[in-house]
Every structure is written in structure tokens, then in C-alpha cells.
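*Asks:* Provided herewith is a single structure, encoded as C-alpha cells, for subsequent inquiry.
The values are calculated or read from the model by the stated rules, or taken from the named source; none is laboratory data. Since the model is a prediction, treat every value here as computed from it, not as a measurement. Cβ: placed from backbone, ideal geometry, glycine included. Neighbour counts: every protein chain shown.
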Amino acid sequence: MKKKTRKSSKRKISIRKVIGIGVLGLFALFILFIASINMGLWGQIPSKKELSNFQYQRASEVFTADSVLIGKYYLYDRQPVSYKDFPEHLIQALIAIEDERFYEHSGVDLRSLLRVGFKTVLLGDNSSGGGSTLTQQLAKNLYPRKERNKTNIVVNKIKEMIIAKRLEKIFTKEEIITNYLNTVSFGDNTFGIESAALKFFNTRTKDISATQAATLVGMLKATYGYNPRIFPEKSLGRRNLVLRAMYNNDFISEEQVSKFSQEKLDLDFRDFDYNAGIAPYFREEVRKEMLNWISKQNKAGTNYNIYTSGLKIYTTLNYKMQKLAEEAMVEHMTKLQHSFEKSYGTNAPWLKDKKLMEKIARRTSAYKRLQKSGLTHEQIIDSLSKDKQKRIFKSWQSDEEQMASTMDSIQHYTKFLNTGSLAVDPTNGDILVWVGGINFEQYKYDHISQSKRQVGSTFKPIVYTTAIEQGVSPCTYFSAEEIEYDNLKGWSPSNSGNKDEAYLNYSMEEGLSNSINTIAVKVLEKAGIENVVEMAKKMGIEDKLPKEASIALGTGEIKIIDLAQAYTSYINNGKHVKPKIIKSISNHKDSVLVEFKSELNEKAAFSKKTSEIMIEMMKSTINSGTASRLRNTYGLKNDIAGKTGTTQNNKDAWFVALTPKLVHISWVGLDQHEIGFSNTSIGQGANAALPLFGLWMKELNKDRDFDTYTKVNFKKPSLDVQKALNCAPVKRDGFFKRLFKNPNKKKSKDFKG
């Protein structure tokens with residue numbers, strides 16, 4: 001028995017030794033495993049030097065002149081802020097729910113890991129938090145896991161622990177919290193607490209409340225599952241759990257928990273989407289100008305990047321003016337679109353003209369892509385006629401998911417009228433309003449900076465200006481009689497008035513205010529085509545204009561922004577000012593990198609006297625001429641000058657408004673040049689384009705903030721100018737002249753301009 005007992009004891013000792021050696025062996029292997037990870041055999045681990053020199057990728061921000069953030073350019077939506085911008089309740093919420101022993105550990109909290117293992121996994125207590133410390137989470141934020149399978153999870157965890165230890169040696173606890181809150185993801189490509197605060201509550205981090213802080217911190221466990229916009233109830237429950245954790249850690253009182261838990265989420269969601277939000281066409285133009293500026297700067301040795309450098313771009317745009325302009329656009333274009341479609345009825349070209357739809361289809365990238373693959377026209381049209389699930393823009397209030405083909409989409413979007421609306425401060429060139437189209441997501445083409453359209457009668461003031469500069473008196477009378485110009489292949493410009501006009505002679509002021517075509521051509525004869533083209537150039541229009549008599553009727557194609565530049569000459573005594581969209585650019589530390597000054601042309605295109613005469617003549621357009629509905633329909637009493645414009649076949653409707661502090665240009669038409677308005681009643685500038693200004697100005701008049709723009713008057717013209725304009729607006733032919741004139745017969749002559 002003793003021998004058996006001895007043998008049994010020896011076996012037990014032997015087993016213990018084997019187990020001991022095995023445990024020591026496993027421990028040694030684990031140490032070697034950790035050492036191999038530390039040495040980089042499982043993937044490089046950043047050194048202390050690399051960790052201390054890491055840089056954030058920062059979103060660049062776009063601000064209006066009144067300091068409203070309206071957009072960002074980014075790869076990652078991140079706007080880092082400093083520790084001093086973190087409210088105390090934000091830090092408390094973070095530590096309470098994510099790492100309550102943050103100030104006690106040195107990067108890795110073994111006790112917390114054990115707690116998670118027992119309390120969370122075994123007991124199912126979700127309030128116990130996670131096993132990773134904030135420092136480990138920061139390590140994961142800075143160096144995201146590339147492999148997420150089970151084989152690599154242990155390697156990743158150990159890597160993060162090693163990096164966390166190094167981070168704790170490099171940074172203070174405050175710096176770790178700062179870096180963590182600036183790098184953590186809130187989903188949807190939103191990184192950092194500042195971007196999240198702006199996105200969900202439209203407020204800066206330094207201003208968020210305790211409940212807002214708890215909501216955002218609560219998202220960190222599951223950015224989608226606890227997204228307050230998508231799952232408000234789940235987010236509310238998670239927020240209250242964070243508040244309870246704050247109480248458990250003695251950060252807030254029981255009374256505060258009760259009070260805060262009763263508060264609503266009260267979101268003010270703002271997604272800084274490239275396609276959405278206020279002034280998208282303007283923001284795209286800012287982006288283009290920034291890329292151009294950055295390119296020049298980087299050639300000089302800098303290293304700026306619009307998407308990662310955190311630049312702050314301060315623009316000229318007025319937020320409230322822009323908002324009102326966009327609202328006016330939606331209100332007017334909704335009604336006009338309805339009238340436009342109703343006027344065509346079932347005979348609309350987008351419904352009836354199959355060849356036109358195929359012609360438009362040829363311009364699309366989808367058609368060109370299929371054409372490159374070798375398909376015939378018939379095969380391409382067949383392919384483009386197959387239905388797919390699409391989101392269709394129906395109105396500004398809603399989009400609609402439906403089955404539709406590419407050809408259906410072409411037909412649908414062809415019928416929409418488009419627009420461009422621009423407001424410039426002529427005293428300094430600041431662009432205050434920029435509406436480049438009706439919907440940026442569907443219509444990327446900008447009708448302010450890209451589109452060139454015939455400008456119609458809005459070009460006539462340039463013709464009249466040239467004539468006055470050439471010595472033609474404003475009280476010169478011109479017959480409205482229609483003439484057929486033999487040397488212009490029988491070209492015969494006509495008016496929309498009645499035949500009785502043939503007996504009437506108009507002063508220049510009356511001819512301009514009523515936009516009489518026959519008179520405009522006769523004024524052009526006096527001014528000279530070459531002189532008019534040169535005048536337009538001096539006023540800032542660089543586009544090549546047709547040196548033809550039809551230029552008097554606005555057949556030249558000009559961009560809205562260039563036409564606006566020309567009209568600023570009338571406010572600045574003949575000197576045009578270049579429109580600008582950016583005031584200054586700063587770096588992420590708020591150091592100003594560049595300021596852009598106003599560019600007023602040094603040389604006047606025409607005299608101060610001519611400027612005053614033209615302003616007075618264009619005032620008549622508003623008071624009694626083609627734009628009188630500003631007074632009659634919209635009740636505007638502001639001091640306004642202006643000009644309407646309608647092009648041939650009602651393709652383009654224009655309106656230009658001038659005040660001492662504003663140049664406003666609006667255009668309405670269709671993107672497809674083949675289609676115009678069905679009739680002049682709907683398509684004339686006074687009906688299609690003028691309301692964009694009328695509705696907008698009406699709202700500006702209600703707001704005292706805009707008094708500097710709305711309650712300012714033109715200077716009283718000099719006695720010399722008053723004398724020059726002191727004549728009867730209309731003279732009727734004498735009895736004998738009327739007796740021998742046949743109003744139905746066109747007079748023939750050669751054009752001599």
C-alpha cells in the first residue's frame with residue numbers, strides 16, 4: 001500500500017510539473033508572441049516619434065459674410081477643436097460611460113477588462129461600459145484595424161494596448177481626451193465631436209448642453225443604432241443611460257438626472273452634403289476658386305489641400321438674403337412651371353417630339369458610353385428605354401421613387417424651366433446671392449458662371465449708353481415705324497405693339513423704358529456697332545459679341561455674372577467692379593492667409609453724366625415701362641432702375657434691377673435651347689424673370705437688417721442731366737405725315753451703323 005501511495009504521489013508531482021512547465025511554456029510563448037507583435041512581425045506599429053507627430057485630416061469650412069457655416073470640403077468630415085472648447089459635462093459623460101478609471105490607468109485597465117468579462121458577458125449589465133480604455137480607442141481611431149476576422153482580433157487588441165501605452169507616455173490625459181474626441185467616428189463619414197455637434201444640434205462643441213453631450217457620447221457604442229435622427233427612442237434611452245452613469249460617478253445629482261431625462265432630443269440636424277443645403281451652386285464655385293488659389297500657392301512652396309488642410313473660407317454671401325432668394329425661387333418657379341406646362345397642354349414638345357428627345361439623349365453620357373461600345377442608335381435607344389428603380393425630382397417639396405427608363409428621365413427633366421439669380425453689391429463687388437439653378441442634385445450646370453444665353457433687351461442700355469457718349473441727345477426722337485433693311489437681307493425688326501406705333505416718335509427714355517425694338521436698332525445706327533462692342537468690353541463684357549445689327553436686340557450670348565459686372569458701371573459713374581465671392585482665407589489656427597480686395601476698374605467706360613442719364617432712363621422702366629409690375633403687383637416703393645429682356649421665340653426671360661447698393665440679375669429658360677415658352681405672355685421677362693426680384697425685395701423690405709440696401713436712394717441728378725431729359729416722352733406725327741404714311745407698309749432702307 002505504501003508503494004502504491006508513493007507511486008501515486010510521484011505521478012501527481014509529475015503531472016503538476018508537466019502542467020507547470022506547460023503553463024510556463026504557454027506564458028513564454030505568449031510573451032514571445034507579444035514581443036513579436038511589438039517588433040512589428042505582425043504588422044508595423046507606429047513609433048513614439050510617429051505618434052507624437054500625427055496630423056488630423058481637417059475639413060475646410062465655408063462661411064457666409066455674416067459668419068454662418070454653410071458648407072465643408074472634406075475626405076473625412078472633421079473639425080478638430082482644443083481641450084478648452086470641451087464643456088465639463090462632455091468630459092464627464094465620456095469618462096462615466098466609456099472609461100471611468102481613465103485618470104488612474106496608464107493606457108490599459110486590467111481591472112476594467114476583468115469587469116467586462118464577468119459583469120457584462122456573464123451578468124448582462126450593459127451599464128458596465130467597454131473593456132477598451134479611451135487611450136486604446138484612440139489608438140484604434142488613429143490606426144484603424146485592417147483585418148477584422150477572429151484570427152487577427154488578438155493581434156489587433158495587443159497592438160492597440162502597445163500603442164495605448166506609448167500614447168500615455170507621449171501625451172497628457174487632457175491631450176488624449178482631446179485627440180480622442182477629435183478622431184472618434186459618429187458615422188456617415190462624420191468624425192470628431194465638433195462635426196457631430198454641428199450636424200445633430202447645429203451648435204459648436206463649447207455650447208452643447210449636458211443632454212446634448214450625453215446624446216453624442218451615447219452614440220459612440222453604436223453610431224447607427226443610437227443615431228438620434230434615425231432611432232430617436234433608442235437614442236433617448238442610451239442618453240439616459242449615460243446620464244445615470246454620470247450620476248453613479250458623482251458628476252451630477254439625482255435631481256439633475258431626473259430633470260435631464262425628461263428633456264426631448266431637440267435635434268437641429270444639418271447634413272453638410274455636397275448636393276444639399278443652402279447655396280450649393282455658390283459652394284461649388286467657391287470650391288473651384290479655392291482649387292485654383294491652392295494650385296498657385298502650392299507652386300510657391302506651400303502644401304495646402306482643400307479637403308484635408310482645415311482652411312476657413314470667408315465668403316461674400318449674405319446668408320439671410322440667400323435664404324430669401326431661394327425661397328422666392330421655389331415660390332415663383334413652382335407657379336411658373338405649372339403655367340408653362342398648362343400652356344403647352346398635350347402638344348408639349350417633350351411629349352410629342354420623339355426626334356427631339358432622341359437628339360437630347362445623344363448628348364447624355366449614358367448614350368455616349370453605349371455608343372463607344374459599338375451599339376447602333378436604335379440599340380442604344382432600346383437600352384435606354386428599359387425601366388430601372390429611380391429617384392425622380394417631382395417638386396421642391398418631394399422626390400419620388402419609381403420605375404423609369406433613362407428615356408423617361410430625359411423626357412421628365414427636359415420639361416423643367418431653369419433659372420439663374422445673382423445679387424451683387426456694386427460698391428465693392430461682393431456677391432450677396434447666388435442661385436445657379438433650380439436643383440443642384442439634378443441640374444449641376446450653373447446658369448451664373450457657366451451658361452451663356454442671349455440677353456435680349458437687357459443689352460439695350462449698353463446701346464443707348466454708347467449713343468449718348470457719341471453725342472446723341474437723350475431728347476432725340478426716334479420713329480417706332482418698322483423698317484426693312486435692304487443691305488441686311490431684308491431683316492425687319494418688329495415690335496409687339498399695335499400698328500398705330502408707326503405714327504409715334506419716342507424720346508430715348510421712352511423708347512428704352514418700353515423696350516421698343518425698332519427704336520433700339522435706330523439708336524444703334526447712331527451709336528455704331530463697333531462702338532457698342534467696344535463699350536461692352538470697357539464695361540467688363542469679355543465675351544465675343546456679334547458685330548451685327550441684331551446686337552441691338554441682345555443676340556449676343558453673355559453669362560449672368562458678366563452682365564452683372566457691366567451693370568455695376570452705372571452705379572460707379574462708368575467704372576465696373578469685378579464680382580467676388582471670397583473675402584478671405586484662414587488656416588485652421590485662424591491665421592489669415594489672404595484677403596481679397598475689391599477690384600474697381602481704374603478707367604471709366606463712360607462719363608458720370610451719362611451714368612446719371614442712364615439711371616434716370618432705367619428708372620422709367622420701373623415706374624411706367626415694361627417693369628411697372630414691381631410697383632403695381634409687388635408694391636415696391638424702393639428707388640429702383642432696371643430693364644426687362646425677352647429673346648427671340650421666347651427662349652430666354654431676363655430682368656435686371658439696380659439700386660444704389662444692389663445689382664440683381666435674373667434669368668429663366670430651359671436648358672434645352674430647342675424649347676422656349678409657348679407664348680410671350682408667359683415667357684416675357686416681366687412675367688418669367690422679374691418676380692424672382694420682386695418677391696425677394698418684398699421680403700428684404702420687411703427686415704430692418706437690410707435697411708442699408710433697401711432704404712437708400714439714388715443721388716438726385718445734376719441740373720444739367722435734368723435739363724437733358726426735360727422733353728415730352730412721345731411726339732405724334734403731324735396730320736399730313738400721317739395722311740401719306742401707310743402703317744401696313746414697311747419702309748425700306750440700308751442700315752448705316
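*Asks:* Under 6 Å between Cβ atoms, at least 6 apart or on separate chains: pull out the pairs that start in the range 256-277 with a residue that is in contact (Cβ under 8 Å) with a residue 60 or more places away in the chain and end on any residue that is surrounded by fewer than 15 Cβ atoms within 10 Å (Cβ to Cβ).
*Replies:* Hits for this filter: Asp268/Asn202; Phe269/Arg229; Arg270/Asn202; Asn275/Glu441.
For every residue, the table says whether it meets (1) acidic (Asp, Glu); (2) within 29 Å of His105 (Cα to Cα); (3) assigned by TED's automatic domain parsing to the domain that holds Ser132; (4) in a helix (DSSP H, G or I).
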{"position": "Ile176", "(1), (2), (3), (4)": "no, yes, yes, yes"}
{"position": "Asn182", "(1), (2), (3), (4)": "no, yes, yes, yes"}
{"position": "Lys199", "(1), (2), (3), (4)": "no, no, yes, yes"}
{"position": "Arg229", "(1), (2), (3), (4)": "no, no, yes, no"}
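*Asks:* Restricting to the range 439-461, give me the number of residues that are under 19 Å from Leu317 (Cα atoms) and in contact with a helix residue (DSSP H, G or I) (Cβ under 6 Å, 6 or more places away or on another chain).
*Replies:* Adding up the residues that qualify gives 4.
*Asks:* Moving on to the next point. Could you list, in sequence order, all residues of the range 677-688 that are crowded, with 21+ Cβ neighbours inside 10 Å and assigned to a loop (DSSP other than H, G, I, E, B)?
*Replies:* Phe677, Gln684
*Asks:* Val217: modelled with pLDDT of 95 or more and under 31 Å from the mean Cα position of the chain (by Cα), yes or no?
*Replies:* yes
*Asks:* Still on this model: When you look at Ile468, is it within 19 Å of Ile519 (Cα to Cα), at pLDDT 95 or above and among the hydrophobic types (A, V, I, L, M, F, W, C), yes or no?
*Replies:* Considered against the rule, which asks whether it is within 19 Å of Ile519 (Cα to Cα), at pLDDT 95 or above and among the hydrophobic types (A, V, I, L, M, F, W, C), Ile468 comes out as yes.
*Asks:* Taking the options Val668, Val712, Val656, Val721, name whichever one is part of a loop (DSSP other than H, G, I, E, B) and not small (Gly, Ala, Ser).
*Replies:* Testing whether each residue is part of a loop (DSSP other than H, G, I, E, B) and not small (Gly, Ala, Ser) leaves just Val712.
*Asks:* Additional query: Quick check, is Ser309 within 30 Å of Glu289 (Cβ to Cβ), touching a residue at least 60 places away in the same chain (Cβ under 8 Å) and among the polar types (S, T, N, Q)? Can you show your working first?
*Replies:* Working: within 30 Å of Glu289 (Cβ to Cβ): yes; touching a residue at least 60 places away in the same chain (Cβ under 8 Å): yes; among the polar types (S, T, N, Q): yes.
It is true that Ser309 is within 30 Å of Glu289 (Cβ to Cβ), touching a residue at least 60 places away in the same chain (Cβ under 8 Å) and among the polar types (S, T, N, Q).
*Asks:* Does the range 276-288 contain any residue that is of a type in the set (A, V, I, L, M, F, W, C), buried (at least 23 other Cβ atoms within 10 Å of the Cβ) and not in a helix (DSSP H, G or I)?
*Replies:* Yes, that holds for at least one residue.
*Asks:* Next up: Quick test of your reading of the structure: Ile682 fulfils all but one of (1) of a type in the set (A, V, I, L, M, F, W, C); (2) touching a helix residue (DSSP H, G or I) at 6+ places or on another chain (Cβ under 6 Å); (3) within 30 Å of Leu719 (Cα to Cα). Name the failing condition by number.
*Replies:* Single failed check for Ile682: (3).
*Asks:* Moving on. Hand me the list of helices (runs of 4 or more DSSP H) wholly inside the range 524-638 holding 2 or more residues that are among the polar types (S, T, N, Q).
*Replies:* Working: elements: 529-538, 560-571, 608-623, 629-632.
Where helices (runs of 4 or more DSSP H) fall fully within the range 524-638 and carry at least 2 residues being among the polar types (S, T, N, Q), they are 560-571, 608-623.
*Asks:* May I ask you to list pairs of residues, at least six apart or on different chains, whose Cβ atoms are under 7 Å apart, with the first in the range 404-433 being touching a residue at least 60 places away in the same chain (Cβ under 8 Å) and the second being assigned to a loop (DSSP other than H, G, I, E, B) and among the basic types (Lys, Arg)?
*Replies:* Asp425/Lys661; Thr427/Lys661
*Asks:* Inspect the range 647-663 for any residue being hydrophobic (A, V, I, L, M, F, W, C), surrounded by fewer than 17 Cβ atoms within 10 Å (Cβ to Cβ) and in contact (Cβ under 8 Å) with a residue 24 or more places away in the chain and give the result as yes or no.
*Replies:* Restricting attention to the range 647-663, the residues satisfying the condition of being hydrophobic (A, V, I, L, M, F, W, C) are 653-658, 662-663.
Add one more test, that the residue is surrounded by fewer than 17 Cβ atoms within 10 Å (Cβ to Cβ), and what stays is none.
The answer is no, given that none of the residues of the range 647-663 is hydrophobic (A, V, I, L, M, F, W, C), surrounded by fewer than 17 Cβ atoms within 10 Å (Cβ to Cβ) and in contact (Cβ under 8 Å) with a residue 24 or more places away in the chain.
*Asks:* Still on this structure, please answer the following. Could you tell me whether any residue of the range 581-595 is over 30 Å from Thr302 (Cβ atoms) and either crowded, with 20+ Cβ neighbours inside 10 Å or at pLDDT below 95 (or both)?
*Replies:* no
*Asks:* Moving to a separate point now. From the list Leu216, Leu241, exactly one residue is outside any loop (DSSP other than H, G, I, E, B) and buried (at least 22 other Cβ atoms within 10 Å of the Cβ). Which is it?
*Replies:* One residue alone meets the criteria, Leu216.
*Asks:* Please work out if Lys452 is over 17 Å from Met614 (Cβ atoms), without any contact (Cβ under 8 Å) to a residue 60 or more places away in the chain and among the basic types (Lys, Arg).
*Replies:* no
*Asks:* If the requirement is being assigned to a loop (DSSP other than H, G, I, E, B), charged (D, E, K, R) and at negative phi, which of these qualifies: Lys386, Lys355, Lys335, Lys359?
*Replies:* Lys386
*Asks:* Out of Lys390, Lys359, report the one residue that is of a type in the set (D, E, K, R) and free of Cβ contacts under 8 Å to residues at least 60 places away in the same chain.
*Replies:* The match here is Lys390.
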